[in-house]
Amino acid sequence: MLLGEPSPSLAKIKTMNMVKLAAKIVSLREERSRMEAKLIKLQARDPLPNEKIKLGQDTVERLNALEAIATDLLKGKAERKALREQRGH
């Protein structure tokens with residue numbers, strides 16, 4: 001569950017390795033940037049497409065949440081890897 005809704009993206013993120021997580025974080029940031037640019041264009045329209053703006057804002061919020069979770073997961077995996085390497089040597 002992400003923001004009260006089922007999230008296949010979240011489930012997929014939780015199974016990724018460190019390399020895939022790092023790539024996913026980059027793609028989430030790029031997607032968020034594109035959506036924010038789209039929102040700026042939508043807000044400049046007359047009349048305002050309020051429904052599209054709301055959907056866009058929800059998407060940005062969801063992308064931010066996914067990015068935060070992916071970043072935390074990557075950090076945790078990196079810490080666990082460092083501990084394993086420390087114990088191994």
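Tabulated data for the structure shown
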| read-out | value |
| --- | --- |
| Relative contact order [Cα under 8 Å, 6+ residues apart], the chain, whole percent | 38 percent |
| All lysines inside 23 Å of Lys41 as judged from Cα atoms, apart from same-chain residues fewer than 8 positions distant | Lys52, Lys54 |
| Protein accessible area in the chain, 1.4 Å probe - carbon and sulfur % | 55 percent |
| Positive minus negative residues near Arg87 (Lys, Arg vs Asp, Glu; Cβ under 12 Å) | +2 |
| Which labelled figure in (1) 1.13; (2) 1.41; (3) 1.28 is Cα Rg over 2.2 N^0.38 Å, once derived from the coordinates | (2) |
| Proximal charge balance of Lys20 [Cβ under 13 Å; K/R count +1, D/E count -1] | +4 |
| Value of [θ]222 nm, deg cm²/dmol, for the chain, DSSP H segments ≥ 4, -39500 (n - 2.57) each, nearest 500 | -28500 deg cm²/dmol |
| For the chain, accessible area per residue (1.4 Å probe, heavy atoms of protein chains only), Å² | 74 Å² |
| Nearest 10 degrees, 0 to 90: helix 50-88 Cα axis against the chain principal axis | 10 degrees |
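The values are calculated or read from the model by the stated rules, or taken from the named source; none is laboratory data. Only a predicted model underlies this, so the values are computations on that prediction, with no experimental measurement involved. Counting neighbours? That spans all protein chains shown, and the Cβs are built from the backbone with ideal geometry, glycine included. Accessible surface is based on the protein model in full, side chains and every heavy atom, while ligands, DNA and RNA are left aside. Shrake-Rupley method; radii C 1.70, N 1.55, O 1.52, S 1.80 Å.
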